[in-house]
Amino acid sequence: MAMKTTGAQPPEPGGTPLLQLRDVSKAFGAVVALASAELTVYRGSIHALVGENGAGKSTLVKIIAGLYQRDRGEFRLDGEDVDFDSTARSKDAGIAVIYQEPTLFPDLSVMENIFMGRQPTTRWGGLDRSAMRERTSALFRRLGVTIDPDRPALGLSIADQQIIEIAKAISLDAKLLIMDEPTAALSGVEVDRLFTIARALRDEGRGLVFISHRFDEIFDLCDRITVMRDGSYVSTHETVDVTAAEIVTRMVGRSVETLFPKTEGITPGEVVLDVDGLNRHGVFEDVSITVRAGEIVGMAGLVGAGRSEVARAVFGVDQYDSGTVIVGGSRLRGGDPRAAIKAGIAFVPEDRRRQGLLVDLSVGRNIALVLRRRLAAWGLIARHREDALAARWSRTLQIKARDLDVEAGTLSGGNQQKAVIAKWMATKPRLLIIDEPTRGIDVGTKTEVHRLLDQLAQEGLAILMISSELPEVLGMSDRVYVMSEGRVTRELRRDEATSETVMTAATRMEETV
Amino acid sequence: MTTLSPARRGWWGIVLRRRETGVALAVIVLVAVTTLISPSFATGADGFRNLLLTPSLLMLLAVAQGIVIITKNIDLSVSAVLGLTAYATGRMFTDWPDAPIWLVVLLGIGLGTALGTINGVLVSVARVPSLVITLGTLYAFRGANIAWAGGDRVNAADLPRGFTRLGTATVLGVPVLFLIAVVVLLVVAYVLGYRRSGREMYAVGSDADAAVLYGLKVSRRVFFGFVASGTLAGLAGVLFAARYATVSSTAGSGLELEAVAAAVIGGVAIVGGVGTVFGAALGAILLTTIDRALPTLGIGEFWQQAVVGALIIGAIVLDRVIASRQARRLRSAHAHISTDAVIQAKGSKP
Amino acid sequence: MTTTAEPVRVTPTAPSILARTKTILFGRDAAVIGLLIVVWLVATAIVPNFGRPNTVYYLILDVLPILLLALPMTLVVVTGEIDLSVASMVGLSSVLVGVLYQAGWSIPLAALVAIGVGLIGGALNGFLVTTVGLPSLAVTVGTLALFRGIAVGLLGTGAVTGFPGEYKDLVTDRLFGPGTAIPQILVVFVVLAVVFGVLLHFTPFGRSAYASGLNAEASHFSGIDVHAVKFWLFVATGLVSGLVGIYWTLRYDSARGDNAQGLELSVVAAVLVGGVSIFGGRGAIPGVIAGVLVIGSLHSALRLADVSADAINIATGGLLVVSVIFPRIVTGIRRRIARIRRRGSRLGLASD
Amino acid sequence: LTVAATGCGTDDPAGDGGYDIAFLPKNLGNPYFEASDAAAQKAIEDFGGTFKEVGPAEATADGQVTYINTLTQQSVGAIVLSANDTSALCDALDEAREAGIKVVTFDSDVDPECRDVYVSASSPELIAKKQIDLIAEQVGGKGEIAILSATANATNQNAWIEEMEAYLASDYPDMELVDVVYGDDDDQTSYDKTEALLSSHPDLAGIVSPTTVGIAAAARYLSTSDFKGKVALTGLGTPNDMREYVTDGTVTAFALWNPEDLGILASYTAKALLDEDITGAEGDTFTAKGLSSDVTEFTVGPDGVITLGDPFVFDADNIGDFDF
Ligand SMILES: Nc1ncnc2c1ncn2[C@@H]1O[C@H](COP(=O)(O)OP(=O)(O)OP(=O)(O)O)[C@@H](O)[C@H]1O
Ligand SMILES: Nc1ncnc2c1ncn2[C@@H]1O[C@H](COP(=O)(O)OP(=O)(O)OP(=O)(O)O)[C@@H](O)[C@H]1O
Ligand SMILES: [Mg+2]
Ligand SMILES: [Mg+2]
């Protein structure tokens, strides 16, 4: 499928901006996702949007797409005020979006996933499947991949799903293409293809917005960079004028060191967790790790490296195929979270709202949930015992909520995270596995969580911390395991761990990308 | 390296793997065996006609149910809609003897549409789970029917012959009712399979959140699903009046679960997004054929329902097994494609 | 570190008893109980014969199967599942009691077998839903046909009657002597209601049930054996269905394959009117009992007022639809008002 | 017999001249009961009573129990019912009678201990004989026949079927009863059952359907099928339902009593009980007015059964004279 050239535009910014957002705000209940965001995109340029996790990038994208409606602010497309009430509107207006999380219809074929709602039709208005198949194949050829257009989306890997999202967005032939972390799941070859196409689209005079946490990609691809922090606009730069270090400083808004209040020089105690040769077919292989009391062990790797899967298998929400997991001397068979809890494991999962909390249940009940049996006398739970436990731990963790009866889902993200930690600390664990401890948490709370982890370690807790944020891993860990494609590729002492060494092991490459 | 077009590759394999094939095969085997035992079953004076005539009404309801289930909803009120439209049709003929038949038929179907619209509005606008709403309207429509009819009922003598003949007439030995059911089936199958609107119904049922991201009109699709379901149930009601010619206030009682069962047996997944109305219609044919065949096969008529129950459970367990197998197969297929891609990228292009 | 002022921390405590009482008073359960009281007051005032002991007596006997079945059904729906096979199991249990009695067994023994079969049937449902992982709606539509089919198959459309009087009296005798309102069989219900009420509201198991209904994945991550919870609830439903089958047989002195046909929808309707969310995670036993009694009392009053069976059906359906839509409308209006307030100046552009 | 003296019956209904009589058919919407209940209403209003018809939507015993309970609470004078089950209604009827309510069954009986009198359309022997004679005549006295009944535990149906089997064995050895199927007094079920019957018994010569719903459905099925004129059909039907099929030759002759007479007789029986003219003991006599036949004097037979008379045979010659 060839893109038709719709009047060549000069690649340099000028004239009316294609997209102009000013002072946009958006709140979800108590959570302010965007305070005052700003973004100006010109035709024929690729615009990077950067910011920490939770800075509000995806929310801004969803507002442009018409999925969310802004509470306040200015939104112009081609100089005209617009107000999309559904994604269909933005599509009609020439905006294509690749969302951060792939969203496919699992039961439908790949080609229909790409063309849903605008499938090619015959003269009679019926679907023209062969035309659809051809166009899909053409798109895939352009992206350099082979996926059977007729297979259902069910069971596709995250990478393949992402490729389909990209194919879908390209096929829209849009004047503005927004990509929210499209490369997070892709390998180098696919990323190169994507970039070639992105540059071609730019040269046709379209506008592109590119969101990524990978600076090499941003500096390789983008013409301009807008920095966001805590839901607000910080600054916009020509790529050639800035360095990565400057961008980071603006993103974080402070010097990075103070973010990680790590107490140094603690002598770890006895081995609490001993994982040996753990296997789960097709997910991870031969994983061996140990964690000692008082130690924070980091697990680094690219998204999809299998870290979460290892944690889930250790805790027992998943089965494993072979290997051993020993916690405090007793062996865990896998597939039984209750045994893991009894052995003293606490597990703060990566997806807070789906796995960590029951968002429709009150904060108090959430905190008391794991301990429900221990709270019962004569088989009955007394409410005052639940209340007392919940009150104690929410005080310890300083959870901000009106009272214990409010639904956990109404808390701000950081407070939700604290509620999950409270729920697990209440079990008095000896090992805490925490997956993405600060995902979606604002900077202030982030520091608090880090301080808390440090304090817990000092009190003798063994902590296994999985994080995709490299600074967090480097700043907080006594030791780091690096995983790549389901294997532990390196173990690094605190003094050995640098972004270089970790990234090399994570990508299994000799040279840095 | 030869690249096979996906369309050509395994066309037969696709047909053989389809759920519909299995159900159709079951029907054929059942009819064949029964006919061997008792030749009149399919070849006797009325055997062949009844083979097609008996399932016709349930086919319509199963298609209606299939549409709704594909959008991840359920319509328990179909039987009450059928009953109400059947009675309304009869009453129009008795109270308005000069009415042209076609007009009464249209009005009857229109009543079904109106009742379906009520369901659609309640489900898609009020956003209340359809199981609850249609359970409520099942009671309400049925109650309205009994309230209206009271002890009264429509008798064969009240209906014009031209209308009742519709119920049993045949064209080249094929009952008209069956032809109508098949035409409806083909139209619905075409819309669901080959129109954008139909494909969107699958999308909505497959993942409603993704459908919102795509900019699909989720509420509208669900709404039209219920309107279509009501319309088809209304058509079934009109044809019920034509076929049985006697309509009391309880006509069609209990058919709602049979319609769900037919759809489920035919491979329409209750979780939405999967299955075809062909499957649902075949499920209806299988159910009614079993009903008729069991006595001939020497299984007491009283055991029919137990067989049907076992069949439903068997069907959904089978679905589950197939689905998990397929998921596994797709995952490994993906690995092959990836390596293929590398080989192709390196080898085939000069 | 750039310091914004330390944010104010409100460390949460449990709300006061007063506040919690207030929540209960304005809650869904209280609304259903209030509705029950209104129905009773109005019916007593305007329907002749309604307030009499006999009315209450018959009312209780009539709604008892629904009352009993609604208890485990509440728990099943709270976990986000549904069991449509209950009425068929009642029929099967009834037929078993009849067939075995006819074969010369004693009633207690026959009843024990019926309960046993109820347990097995419930376990079958539970197995298919949890271990095999099938949607409970589809599974129980299947077992609905299966159980009913076995019942009808065992007894045809014939009936076993003539059960011994002493057992029939167990069901129909009045607690405080002739002419009084309370049948002694109500004791069984009260005991079961307390058991299920305590189980749901005051035990770790109950917490697990709510959690499983709200979010099965998060529950699994919290060490709750979601499958076990659901499995045992299906078993409990089967057990109670078995009991109801025995009651049905003795009350009507008739074991028939079509006993209690269609009752499943009445049970589900009552549970939903009683405030249990079909999505799981919400609902309480007192509300459900009130819900059953509202429907039962309404039926009884309408019958006494010589309103025909049809209008009664319409009333039931209407009640069900209104009871689920009404809260939606209220929250919808509230949310809209809140949004309009928040948007303020952008009111003109507000769209949905 | 104990006269009402319990707390519930406030006054003797017959005492103030009002006869408060409730009819409880097997189910609402059954034209047979529509006819008898309509005639009963006229008769009751004629003798100054109040008539009421209540009933379940579907023909189930438990549905009837609920209504008997309701009528008991309302303290009606008499309940006239056609029972869906012989014994399932007994407890409820006992309580009604304890409360001083007279219980008359008609058309379909309950156990004799649970009611005061039973108004039978005809005696089972007469009914069975008449139908077997009719079918034998139509099929030439030999071949396979089948019965399409109502529900499997309808007392009257089963009594007739039993009599038919005995009569067949003794008088028509060449005729074989090959199947009994149950249409549940539901039109659609009866229709489908007829169809199933014909497909599973290809050599069937005739069908006997001793129920008005069943015979009409079977006739409608036959009239549009190839079996029309080949498979004989008789049984108990109403002239209005059957007129069409007699005219077109599907059915030659069928039998029935007059359902209106049955309703009227049941009403007068209830009146006689309320007046305490009869108690249900054998030999009690009373009078009924307005019947289509000239009979006015009726005597209670053994087991408290009152019989209306011989079934009447309808055929092409006389069917035009009737309208019910
Ligand atoms: N639907 C929602 N309901 C409540 N809060 C939300 C919702 N969507 C986003 N948020 C919150 O808004 C904030 C901004 O989230 P957003 O996804 O926009 O961040 P982001 O910059 O895309 O981060 P990342 O780099 O991790 O993708 C976060 O605190 C998040 O928890
Ligand atoms: N829905 C899915 N379908 C197919 N494969 C999946 C799916 N989700 C994850 N995977 C695969 O499972 C493996 C491990 O993914 P996982 O998300 O656990 O990695 P991770 O290292 O924990 O990443 P993250 O940083 O997101 O936590 C990857 O190979 C990934 O592609
Ligand atoms: Mg994001
Ligand atoms: Mg992870």
_I need every pair where a residue in region A:453-466 that is within 16 Å of ligand 4 (Cβ to nearest atom) has its Cβ under 8 Å from the Cβ of a residue that is in a loop (DSSP other than H, G, I, E, B), sequence separation at least 6 or different chains._
A:Met465/A:Pro437; A:Met465/A:Ser477; A:Ile466/A:Glu350; A:Ile466/A:Glu436
_Answer from A:Leu156, A:Leu139, A:Leu108 - the residue that is more than 20 Å from B:Gly273 (Cα to Cα), open to solvent by less than 20 Å² (accessible area, probe 1.4 Å) and more than 16 Å from ligand 1 (Cβ to nearest atom)_ = A:Leu139
*Single residue of region C:302-315 satisfying the filter (part of a helix (DSSP H, G or I) and surrounded by fewer than 23 Cβ atoms within 10 Å (Cβ to Cβ)) that is farthest from the other protein chains (Cβ to nearest Cβ)*: C:Leu302
*Pick out the one residue from B:Ala306, B:Ala280 that is more than 16 Å from ligand 3 (Cβ to nearest atom), modelled with pLDDT of 80 or more and closer than 20 Å to C:Gly257 by Cβ.*
B:Ala306
*Exclusive hit being free of Cβ contacts under 8 Å to residues at least 40 places away in the same chain and among the small types (Gly, Ala, Ser), set C:Ser308, C:Ser266*: C:Ser308
_Checking the structure you have, find out if any residue of region A:355-366 is closer than 23 Å to C:Val78 by Cβ, at the interface with another protein chain (Cβ under 7 Å from one of its Cβ atoms) and among the polar types (S, T, N, Q)._
yes
*asked:* Quick check on region D:289-304: of everything there that is touching a strand residue (DSSP E or B) at 6+ places or on another chain (Cβ under 6 Å) and part of a loop (DSSP other than H, G, I, E, B), which residue is farthest from D:Cys114 (Cα to Cα)?
replied: D:Thr296
*List every residue pair whose Cβ atoms sit under 7 Å apart, with the two residues 6 or more apart in sequence or on different chains, where the first one lies in region B:83-105 and is open to solvent by 50 Å² or more (accessible area, probe 1.4 Å) and the second, anywhere, is assigned to a helix (DSSP H, G or I).*
B:Ile101/B:Gly162; B:Ile101/B:Phe163
_Here are the criteria: (1) within 16 Å of ligand 3 (Cβ to nearest atom); (2) in contact with a helix residue (DSSP H, G or I) (Cβ under 8 Å, 6 or more places away or on another chain); (3) open to solvent by 40 Å² or more (accessible area, probe 1.4 Å). Tell me which single one A:Glu101 does not satisfy._
(2)
*Output the residue which, of all residues in region A:432-462 that are within 16 Å of ligand 1 (Cβ to nearest atom) and in contact with a Pro (Cβ under 9 Å, 6 or more places away or on another chain), is modelled with the lowest pLDDT.*
A:Gly444
*Picking from B:Gly225, B:Gly198, which residue would you name as being surrounded by fewer than 24 Cβ atoms within 10 Å (Cβ to Cβ), more than 8 Å from chain A (Cβ to nearest Cβ) and closer than 21 Å to B:Val277 by Cβ?*
B:Gly198
*asked:* Tell me which strands (runs of 3 or more DSSP E) are completely within region D:14-115 and hold 2 or more residues being within 10 Å of chain C (Cβ to nearest Cβ), or say none if there are none.
replied: D:50-53
*Look at C:Arg256 and say whether it is facing another protein chain (nearest Cβ under 8 Å), in contact with a strand residue (DSSP E or B) (Cβ under 9 Å, 6 or more places away or on another chain), surrounded by 24 or more Cβ atoms within 10 Å (Cβ to Cβ) and closer than 27 Å to A:Ile421 by Cβ.*
no
*With the condition kept exactly as written, say whether any residue in region A:296-303 is outside any strand (DSSP E or B), away from chain C (no Cβ under 14 Å), within 16 Å of ligand 1 (Cβ to nearest atom) and touching a residue at least 24 places away in the same chain (Cβ under 8 Å).*
yes
*Quick one: in region A:381-431, which of the residues that are in a strand (DSSP E or B) and out of contact with any Pro (no Cβ under 9 Å at 6 or more places or on another chain) is surrounded by the most Cβ atoms within 10 Å (Cβ to Cβ)?*
A:Leu431
*In region C:166-179, what residues are open to solvent by less than 40 Å² (accessible area, probe 1.4 Å) and either within 29 Å of the chain's Cα centre (by Cα) or modelled with pLDDT of 85 or more (or both)?*
C:Lys168, C:Val171, C:Thr172
*Meets criteria (within 16 Å of ligand 2 (Cβ to nearest atom), within 14 Å of another protein chain (Cβ to nearest Cβ) and at pLDDT below 85) for A:Glu485*: yes
*Just need a number here: residues in region C:97-149 that are open to solvent by less than 50 Å² (accessible area, probe 1.4 Å) and of a type in the set (Ser, Thr, Tyr).*
4
_Out of A:Ile163, A:Ile147, I need the residue that is within 12 Å of another protein chain (Cβ to nearest Cβ), outside any helix (DSSP H, G or I) and surrounded by 20 or more Cβ atoms within 10 Å (Cβ to Cβ). Which one?_
A:Ile147
*Mind listing whichever residues of region C:131-173 are over 30 Å from B:Ala269 (Cα atoms), in contact with a Leu (Cβ under 8 Å, 6 or more places away or on another chain) and assigned to a helix (DSSP H, G or I)?*
C:Leu154, C:Tyr167, C:Lys168, C:Leu170, C:Val171, C:Thr172
_Condition met for A:Gly94 (surrounded by fewer than 20 Cβ atoms within 10 Å (Cβ to Cβ), touching a residue at least 24 places away in the same chain (Cβ under 8 Å) and away from ligand 1 (no atom under 16 Å from the Cβ))_ = yes
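The values are calculated or read from the model by the stated rules, or taken from the named source; none is laboratory data. Please read these numbers as outputs of a predicted model, since none were measured by experiment. Cβ atoms come from the backbone with ideal geometry, glycine included; neighbour counts cover every protein chain shown. To get the accessible areas, we keep the full protein, side chains included, count just its heavy atoms, and leave off ligands, DNA and RNA. Shrake-Rupley method; radii C 1.70, N 1.55, O 1.52, S 1.80 Å.
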